[in-house]
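Asks: Would you mind keeping the following structure in view while I ask a few things?
The values are calculated or read from the model by the stated rules, or taken from the named source; none is laboratory data. The model shown is predicted, which means the values in this text are computed figures rather than measured ones. Note that each Cβ is placed from the backbone with ideal geometry, even for glycine, and that neighbours are counted across all protein chains shown. Just so you know, the surface numbers come from the protein's heavy atoms only, side chains and all, with ligands and any DNA or RNA stripped out. Shrake-Rupley method; radii C 1.70, N 1.55, O 1.52, S 1.80 Å.
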Amino acid sequence: MKKAYPIPSDTAASQARASDPLNSAWVSANAGSGKTHVLAQRVIRLLLNGTDPSKILCLTYTRAAAANMSNRVFSTLSDWTSLGDAELASRIVALDGRGADAGTMHRARRLFAEALETPGGLKIQTIHAFCESVLHQFPLEANIPAHFEMLDTQMEASLFGDARRDMISGASAGAEVLAEAFAMVLERGGEAGLDALLAEIVNKRDGLRAFIAGLGDDFRSLLAEFRFRPGLTAEDIASSLWPLPGFLPDYFAGFARAAEAADARMVLNNILPYARLAFAEADPIRRLELLGKAFLKADGAAYEPAKAFKKVLLDRLPDLPERYIEAARAILEVSDRLALFRMLEGTAAALTVARWLIARYEHLKRSRGFLDFNDLITRTVALLSRPDAGAWVQFKLDQGIDHILLDEAQDTSPDQWEVVKKLTEEFFAGLGQREAVHRTMFAVGDEKQSIYSFQGAAPDSFAESR
Ligand SMILES: Nc1ncnc2c1ncn2[C@@H]1O[C@H](COP(=O)(O)OP(=O)(O)OP(=O)(O)O)[C@@H](O)[C@H]1O
Ligand SMILES: [Mg+2]
């Protein structure tokens with residue numbers, strides 16, 4: 001026997017209120033506070049009140065959670081088959097707050113068998129598994145192959161391998177925008193960078209797909225967002241630093257002479273060598289780099305003029321501090337601007353590669369009759385949203401579902417919420433509403449535990465869907 005810890009009475013009361021199958025409820029509570037426990041209690045109370053097991057749909061995000069929930073329900077029901085009358089009666093009172101008459105006791109002992117035996121049975125499954133079964137029921141309406149196959153990880157990797165090979169040969173065969181983007185990625189990241197990028201695209205493809213769709217056709221519009229005019233090049237940006245503000249060539253020549261005359265060591269050792277190269281350099285980008293090395297410290301910040309220039313030098317060139325600050329500031333500004341430009345340019349290239357790779361993968365996947373996990377959700381949402389078929393499908397499904405219970409709601413992505421929402425919309429209105437059936441929705445989650453935000457889980461949608 002597990003050691004029984006006393007459950008505080010206010011906790012027990014809140015849990016009992018939450019598990020009351022008469023109410024629909026959204027419950028947010030901390031880790032380990034008994035959310036899954038309450039959900040299991042609620043399922044048992046529904047069954048005890050005579051709900052047909054096949055009318056209950058419990059959804060979780062992970063398979064482990066589905067198994068966990070299923071174990072809890074079935075182990076309680078299995079316990080009940082062998083308990084003595086007094087013990088069973090007290091369990092039922094504790095659970096449901098009501099006295100157990102002979103009929104209830106009898107039913108309680110039969111629940112285990114019933115829940116197992118009902119065709120279709122008690123459904124405790126992941127959202128993905130649920131969507132997969134819906135799509136298998138309505139392939140025609142969902143516009144997918146009747147005997148679609150789920151893509152396993154191996155097959156998925158192999159499809160991406162093919163897509164990648166097609167991309168590399170496509171890039172060399174002159175698909176111009178792709179070729180350019182591909183060349184930039186290789187130039188910036190090398191083979192290793194390309195591999196890392198492609199792996200990342202595969203991992204994050206669902207989020208990327210939505211992001212890319214939101215950007216429109218031309219990723220260079222990203223540049224416009226940051227006020228870079230169309231057609232601008234890195235060279236144009238670097239050229240804007242020339243002539244160097246505060247340090248026109250004549251002034252620079254005088255500065256160099258004065259530094260030598262004053263034997264200003266710091267200037268002679270740190271500034272002049274690179275600055276001379278910079279003033280002789282014609283390529284604006286090389287020049288910008290050299291100016292940075294000359295006029296800025298190794299950490300990229302400007303020198304403190306009062307410390308950097310000795311007094312003898314300052315006596316000869318009284319306005320040197322202001323001129324130096326002006327030049328250093330301009331170098332920093334243009335360097336930042338150029339870095340931003342390059343970053344956006346690289347991003348646009350990476351997105352171009354991503355769009356191509358994902359589109360190719362989708363094409364290969366579809367042409368071979370596969371669906372992946374993401375498809376299960378999006379195809380189900382599309383199916384339930386179709387103005388022509390949606391209502392019919394929902395009506396058919398609705399015949400089978402009166403109560404939806406959702407665990408780990410914080411890990412439910414917006415698309416997955418859409419599935420739940422579509423199902424419950426018909427609960428409370430419209431075609432599916434059957435008279436005299438009390439239908440409920442129950443969701444539990446903990447916003448703080450959202451572990452899947454990287455793939456689009458939105459703890460906010462949990463709060464919003466209340
Ligand atoms: N009223 C209760 N009576 C007996 N045990 C309880 C009760 N409430 C919670 N527990 C026990 O506390 C533990 C944690 O509960 P549970 O797993 O339901 O929490 P949770 O909120 O779902 O946790 P997580 O955030 O990790 O999903 C479990 O072992 C559960 O059986
Ligand atoms: Mg839980």
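Asks: By how many nm would the segment from N23 to D336 lengthen if fully extended, with 0.36 nm per residue of separation less the alpha-carbon distance?
Replies: Gain on extension, N23 to D336, equals 106.9 nm.
Asks: Please give the charge dipole size of the range 1-71, origin at the Cα centre, charges +1 on K and R Cβ atoms and -1 on D and E Cβ atoms. Round to the nearest 20 debye.
Replies: In total the dipole reaches around 180 debye.
Asks: Moving to a separate point now. Quick check: the angle from helix 205-215's long axis to the longest principal axis of the chain, C-alpha only, nearest 10 degrees?
Replies: Here the helix axis deviates by roughly 60 degrees.
Asks: If you don't mind, there's one more thing I want to ask. Compute the acute angle (0 to 90°) between the alpha-carbon long axis of helix 85-96 and the principal axis of greatest extent of the alpha-carbon atoms of the chain; round to the nearest 10°.
Replies: 40
Asks: Evaluate the charge dipole of the chain about its Cα centre and quote only its size in Debye, nearest 20, assuming +1 on the Cβ of each Lys and Arg and -1 on the Cβ of each Asp and Glu.
Replies: 760
Asks: Starting at the first residue of the range 124-131, write each ³J(HN,Hα) from the Karplus equation 6.51 cos²θ - 1.76 cosθ + 1.60 with θ = phi - 60°, in whole Hz, x for Gly and Pro.
Replies: 10, 8, 6, 4, 4, 5, 4, 4
Asks: Using a 1.4 Å probe on the protein heavy atoms, what percent of the accessible area of the range 155-368 belongs to carbon and sulfur?
Replies: Carbon and sulfur atoms account for 56 percent of the accessible area of the range 155-368.
Asks: Dipole magnitude of the range 155-368 about its Cα centre, charges +1 at Lys/Arg Cβ and -1 at Asp/Glu Cβ only, in debye to the nearest 20?
Replies: For this selection, approximately 300 debye.
Asks: Same structure, new question: To the nearest 0.05, what FRET efficiency results for E117 and D85 with a Förster distance of 22 Å applied to their C-beta separation?
Replies: Computed FRET efficiency for E117 and D85 comes out at 0.40.
Asks: Got a number for the accessible area of C131? Probe 1.4 Å, square angstrom, nearest 10.
Replies: 0
Asks: Right, next: Can you find, among S221, F148, T412, the residue sitting farthest towards the positive end of the charge dipole of the chain, where Lys and Arg contribute +1 and Asp and Glu -1 at Cβ?
Replies: T412
Asks: Ignoring everything except DSSP H segments at least 4 long, calculate the 222 nm mean residue ellipticity for the chain; use -39,500 (n - 2.57) per segment, divide by total residues, nearest 500.
Replies: Rounded to the nearest 500, the figure is -20000 deg cm²/dmol.
Asks: Here's something else I'd like to know. Express in nm, to one decimal, how much length is gained between A157 and D299 on full extension, taking 0.36 nm for each residue of separation and deducting their alpha carbon distance.
Replies: 46.8 nm
Asks: Once Lys and Arg get +1 and Asp and Glu get -1 on their Cβ, which of F252, M105, I168 lies farthest toward the positive end of the dipole of the chain?
Replies: Farthest towards the positive end: M105.
Asks: Say R0 is 25 Å: what FRET efficiency, to the nearest 0.05, do I325 and L222 get from their beta-carbon distance?
Replies: The calculated FRET efficiency here is 0.15.
Asks: In addition: Answer with one residue from F182, S158, H128: the one whose Cα lies farthest towards the positive end of the charge dipole of the range 127-239, charges on Cβ with Lys, Arg +1 and Asp, Glu -1.
Replies: Going by the Cα projections, it comes out as F182.
Asks: Quick check: net charge around K293, other residues with Cβ under 14 Å of its Cβ, Lys/Arg +1 and Asp/Glu -1?
Replies: Summing Lys/Arg as +1 and Asp/Glu as -1 gives +1.
Asks: Further question: How far, in nm, would the chain grow between N269 and N143 when pulled straight, counting 0.36 nm per residue and subtracting the alpha carbon separation?
Replies: Taking 0.36 nm per residue and subtracting the Cα distance, the gain is 38.1 nm.
Asks: Okay, next question. Would you mind counting up the charge near A278? Only other residues with Cβ under 12 Å from its Cβ, with Lys and Arg at +1 and Asp and Glu at -1.
Replies: Every neighbour counted, the sum reads +1.
Asks: Once you've got the Cα coordinates, tell me which of K123/K421; K35/K396; K55/K422; K123/K396; K55/K421; K365/K396 are over 22 Å apart.
Replies: The answer is K35/K396; K365/K396.
Asks: Where does helix 414-428 land angle-wise versus the long Cα axis of the chain, in degrees 0 to 90, nearest 10?
Replies: Its long axis makes an angle of about 30 degrees.
Asks: So in the chain, what percent of DSSP beta bridges are antiparallel if you round to the nearest 5?
Replies: 5
Asks: Report, ordered by chain and residue number, the aspartates and glutamates lying within cross-link reach of K311, taken as a straight Cα distance under 12 Å and ignoring same-chain residues fewer than 8 apart.
Replies: D263
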